[in-house]
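Below is one structure, written out as structure tokens; comments come after it.
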Amino acid sequence: MKIAILGAGAWGTAMAIALAARHDVLLWGRSEAEMRPLSEQHENRHFLPGFALPGNLRLSFKLDEAVAHVAATTGEPALLIVATPVAGLRPLSQQLRGRPIPNLVWLCKGFEETTRQLPHQIVAAELGADLPVGALSGPSFAQEVAQGLPCALVMASGSAALRQQGVAAVHGGNIRVYSSDDVVGVEVGGAVKNILAIAAGVSDGLGLGMNARAALLTRGLAEISRLGLALGGQAETFMGLTGAGDLILTCTGNLSRNRTVGLELAKGKTLETIVAELGHVAEGVNCARAVCELAAQLGVDMPIANAVAGVLFGGIAPRDIVARLLARNSKEEAA
């Protein structure tokens, strides 16, 4: 199968490495300056150091070439995968207007900060609602995917044909792929878990213990479910890979950028310093305010997400937020 991956960050590069073993893959980056080192060094030393790029992996900084790679097939299955952060999805979608796109799948997780829209809403607004589209999501760190370690993902789309094609493209080797028609639920789980991972990092950084972390994960999953259901997601999705699974990984794994943000906040570092030192996008930072605003608009109670936003943007000390959460009135667990 011909596959073009748009976005040469850590996740795009990892997916290109994994899929190039079985498919004709082209990896696209935004500029020649970005892509030249990958070609010369056979490695993405900035975003994914230590992993050699396969010899058969094509590299390009020309968007026309990347689209032509998947659009020029005659009856052969092809897949266009967007691997930019959520903030880059709209401008890239605008660049894709009028180009012959066979179908589109995205890897990004989050709400757009300014519009509070999920990825499928952004793509529909920019490219129309008729294009077969979907989200590939689940508990997965780029480094482990590049390393070839086992993982399980979910291909979500309203199009049964695209679900089948996406599974056929990605499922194999050490990657297991399930399918779902619940795009909203899959996207909400992938977005909100990043905010909760910041809370888990703060908790761990303050030395609050594993009991506290377990409570955060459990009540955090309740917050994901409440928001997801309010937006039209399916309840069972939040108990699966893109709900509980992604939440557990991101809140406990040492490779989690969002958890790292929380750990560093607990040390007293400023958000600006943390983001600068991280060198990668931490989606939980970008979508925390959007999620809290959307939850307030929908009347959805999300105390942990609101607490994270207070630390990130409200100047509230992490320990003060913990005290406020613990001081909340008791309630029925199912609420």
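The values are calculated or read from the model by the stated rules, or taken from the named source; none is laboratory data. Worth saying up front: this structure is predicted, and the values here are computed from it rather than measured. We place every Cβ from the backbone using ideal geometry, glycine too, and count neighbours over all the protein chains shown. Heads up: the accessible areas ignore ligands, DNA and RNA and are worked out on the full protein's heavy atoms, side chains in. Shrake-Rupley method; radii C 1.70, N 1.55, O 1.52, S 1.80 Å.
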Report the dimensions of the range 72-176 along its three principal axes from the alpha-carbon atoms, largest first, rounded to Å.
37, 35, 22
To check my understanding: the extent here is largest minus smallest coordinate of the Cα atoms along each principal axis. What are those three numbers for the range 157-227, in Å, largest first?
47, 30, 15
Distance between Cα centroids, the range 1-32 to the range 142-176: provide it in whole Å.
14 Å
Rounded to the nearest 20 debye, what is the charge dipole size of the chain about its Cα centre when +1 sits on each Lys and Arg Cβ and -1 on each Asp and Glu Cβ?
340 debye
Considering the Cα trace of the range 221-335, what is its radius of gyration and what is Dmax, both in angstroms?
14.8, 42
Note to self, the chain gives a 222 nm [θ] from helices alone (DSSP H runs n ≥ 4, -39500 (n - 2.57) apiece, / all residues, nearest 500) of -15500 deg cm²/dmol
Anyone know which of Gly205, Gly310, Gly55 comes out most mobile in the 10 Å Cα GNM of the chain?
Gly55
Rounded to the nearest 5, what % of the DSSP beta bridges within the range 1-88 are antiparallel ones?
15 percent
If you fit an axis through the alpha-carbon atoms of helix 257-266 and take the longest principal axis of the Cα set of the chain, what angle between them do you get, 0 to 90°, nearest 10?
30 degrees
Whole-number value, in Å³ per residue, for the convex hull of the alpha carbons of the range 156-306 is 119 Å³
Name the residues whose placed amide hydrogens come within less than 5 Å of the amide hydrogen of Tyr178, ignoring near sequence neighbours (fewer than 5 apart) on the same chain.
Leu153, Val154, Met155
Please list, in chain and number order, the residues 5+ apart from Ile5 or on another chain whose amide H is under 5 Å from its amide H, with Hs placed from the backbone.
Leu26, Leu27, Trp28, Ile81
To the nearest 10 degrees, how steeply does helix 10-19 sit against the main Cα axis of the chain, on a 0 to 90 scale?
50 degrees
List, in order, the whole-Hz ³J(HN,Hα) value for each residue of the range 208-219 obtained from phi through the Karplus relation with A = 6.51, B = -1.76, C = 1.60 and θ = phi - 60°; use x for Gly and Pro.
7, x, 6, 4, 5, 4, 4, 5, 4, 5, 5, 6
Lysines with Cα under 26 Å of Lys193, excluding same-chain neighbours fewer than 8 positions away
Lys109, Lys267, Lys269, Lys331
Which percent, to the nearest 5, of DSSP beta bridges fully inside the chain are antiparallel?
20 percent
Mind jotting down the distance between the C-alpha centroids of the range 240-304 and the range 83-135, whole Å?
22 Å
Rg over Rh of the range 32-121, using C-alpha atoms and the Kirkwood radius, what does it come to?
0.99
Per residue, how much accessible surface does the chain expose to a 1.4 Å probe? Answer in Å², no decimals.
42 Å²
I'd like the projected area of the chain, averaged over all directions, using the convex hull of its alpha carbons. Report it in nm² with one decimal.
16.1 nm²
Computed D for the range 59-112, Stokes-Einstein, Kirkwood radius over alpha-carbon pairs, 10 °C, 1.306 mPa s, to the nearest µm² per second, is 132 µm²/s
How far, in degrees from 0 to 90, does helix 160-170 lean away from the longest principal axis of the Cα atoms of the chain, to the nearest 10?
80 degrees
Roughly to the nearest percent, how much of the accessible area of the range 54-152 is carbon and sulfur, given a 1.4 Å probe?
50 percent
Could you give me the percent of Cα pairs per 10 Å distance bin for the range 167-206, shortest bin first, beginning at zero and ending with the bin that holds the maximum distance?
23, 30, 30, 16, 1
Scaled to the compact-protein estimate 2.2 N^0.38 Å, what is the alpha-carbon radius of gyration of the range 222-290, rounded to two decimal places?
1.28
